[in-house]
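Worksheet: one structure, shown below.
What follows is calculated from the coordinates using simple rules that are stated; it is not laboratory data. These numbers were taken from a predicted model, which means no experiment stands behind them. Heads up, the Cβs are rebuilt from the backbone with ideal geometry, glycines too, and the neighbour counts pull from every protein chain shown.
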Amino acid sequence: MSEPPYNPYPSYNEQNVRLHKAFEAVVSANERAVNAMQKGLAGDYARLLRQLKSVVSAAHENYSISGKLSWAELQRYERIKKLEEQVDKAIKDNYSNIRKRVISDQKKVIEQTYDGSVQAVISAAELGIKPPGLTGARIQEILNKPWSGVSLAERMYLRQTYLGIQLKGSIRRGTLGEGETFSESMKNIKDYVTKDYAGTKRVAEDSAHQYQSDTTAEALKGLSEKEIELTKTWVTAGDDRVRPSHVDMDGQTVLASEQFEFVSGDNKGVKTEAPGISASDEDWGCRCWVVAGIRKKGEE
């Protein structure tokens, strides 16, 4: 994690340092949640691969000639149709669990981001208010929000469909000509499943960051007191993987109700509530985050 950004509002310096640490803890908690999600996904994909292995093994056992499964044999008696239906069923059965895990764990990211952000501000600013809650309906709205025109649920269904196309295409290509052995079939299938697992992990990680940013911006709105106002500061991951345009955003501070504005790069002038949710090519892979701040009203 990076050092706390320069604080131009000395009236609440101690509270702002505490806020930075509190928001850093929220980010760390979300990273742990994503890591746990990805470990769970490893088990889900292992089960998918075992079921596919069983399906392909049965096809080879029943239809192979001289140790190879050929297109000529699969075309007979609609065998290829039955095999592809079994492949689709294996993917559907297992992707149901994969999709549920990704979406339900993102809900956890939203909840702990909101609760952690609100509690941190109320404690640091000593606000005499009851912590506002995030309704189930609002959580669902955040989950259903499209990124690049596609929601997380839709993205997962697209991944499921594409994996089916890849695996069935692999079987058809492999059985053309002289055909393929069981080990050759499984090597190709394992390669596609492994790539899909890596892609789903990335979707889960990027989505968690976007939900974290969106929920942080939501949490900071509406928290106010007569004598103070809340700010939010853009903080980068602080390493050499950060985009140059995001390096230039590091430390930019605005009111919690305002938007950040890119100051360089192809998207100069584009505004966003928080890192990773600008609806531009600045979003995917972004690891920047937001930290709240407190200042006296009118303090510039």
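Quick look at the values:
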{"quantity": "Separation in nanometres of the label points that stand 7 Å from Cα toward Cβ, at LEU176 and TYR162", "calculated": "2.3 nm"}
{"quantity": "Calculated from backbone phi, Karplus (6.51, -1.76, 1.60) coupling profile of region 107-123 in Hz, x at Gly/Pro", "calculated": "4, 5, 4, 4, 5, 6, 5, 5, 4, x, 5, 5, 5, 4, 5, 4, 5"}
{"quantity": "For region 253-262, Karplus couplings with θ = phi - 60° (6.51, -1.76, 1.60), whole Hz, Gly/Pro x", "calculated": "10, 9, 5, 4, 8, 9, 10, 6, 9, 5"}
{"quantity": "Listed residues GLN38, GLN160, GLN86, most fluctuating in the chain (Gaussian network, C-alpha, under 10 Å)", "calculated": "GLN86"}
{"quantity": "Nearest-20 debye value, region 1-160 charge dipole, Cβ charges on Lys, Arg, Asp, Glu", "calculated": "640 debye"}
{"quantity": "Positive-end residue of MET156, SER280, GLY265, charge dipole of the chain with Cβ unit charges", "calculated": "MET156"}
{"quantity": "Sparse-neighbour loop sites [trypsin sites (Lys or Arg not before Pro); region 159-265; at most 16 other C-beta within 10 Å; DSSP]", "calculated": "LYS221, LYS226, ARG241"}
{"quantity": "Cβ-defined net charge surrounding SER64, 11 Å radius [Lys, Arg +1; Asp, Glu -1]", "calculated": "-2"}
{"quantity": "GluC sites (Glu not before Pro) restricted to DSSP loop in region 236-288 with at most 15 other C-beta within 10 Å", "calculated": "GLU258"}
{"quantity": "Proxy reagent accessibility, fewest Cβ within 10 Å first, across VAL263, VAL203, VAL121", "calculated": "VAL263, VAL203, VAL121"}
{"quantity": "Estimated distance in nm for a label pair at ALA42 and LYS297, the labels positioned 7 Å out from Cα along Cα-to-Cβ", "calculated": "5.3 nm"}
{"quantity": "Region 175-186 - phi-based ³J(HN,Hα) in whole Hz, Karplus 6.51/-1.76/1.60, Gly and Pro as x", "calculated": "8, 5, x, 7, x, 9, 7, 4, 5, 5, 4, 6"}
{"quantity": "Under-5 Å amide H pairs with ARG243, H placed in peptide plane, nonlocal only", "calculated": "none"}
{"quantity": "For region 262-300 versus region 122-151, the gap between their alpha-carbon centres in whole angstrom", "calculated": "18 Å"}
{"quantity": "Under 12 Å, Cβ to Cβ, from ASP214 - net charge with Lys/Arg +1 and Asp/Glu -1", "calculated": "-1"}
{"quantity": "Gained length - LYS195 relative to GLU24, 0.36 nm times residue gap less alpha-carbon distance", "calculated": "58.4 nm"}
{"quantity": "Dimensionless Rg ratio for the chain, taking C-alpha atoms and the 2.2 N^0.38 Å reference", "calculated": "1.28"}
{"quantity": "Hydrodynamic radius of region 125-251 per Kirkwood, over alpha carbon pairs, in Å", "calculated": "19.2 Å"}
{"quantity": "Cut-off 13 Å between beta-carbons: net charge of the residues surrounding ASN30, Lys and Arg +1, Asp and Glu -1", "calculated": "-4"}
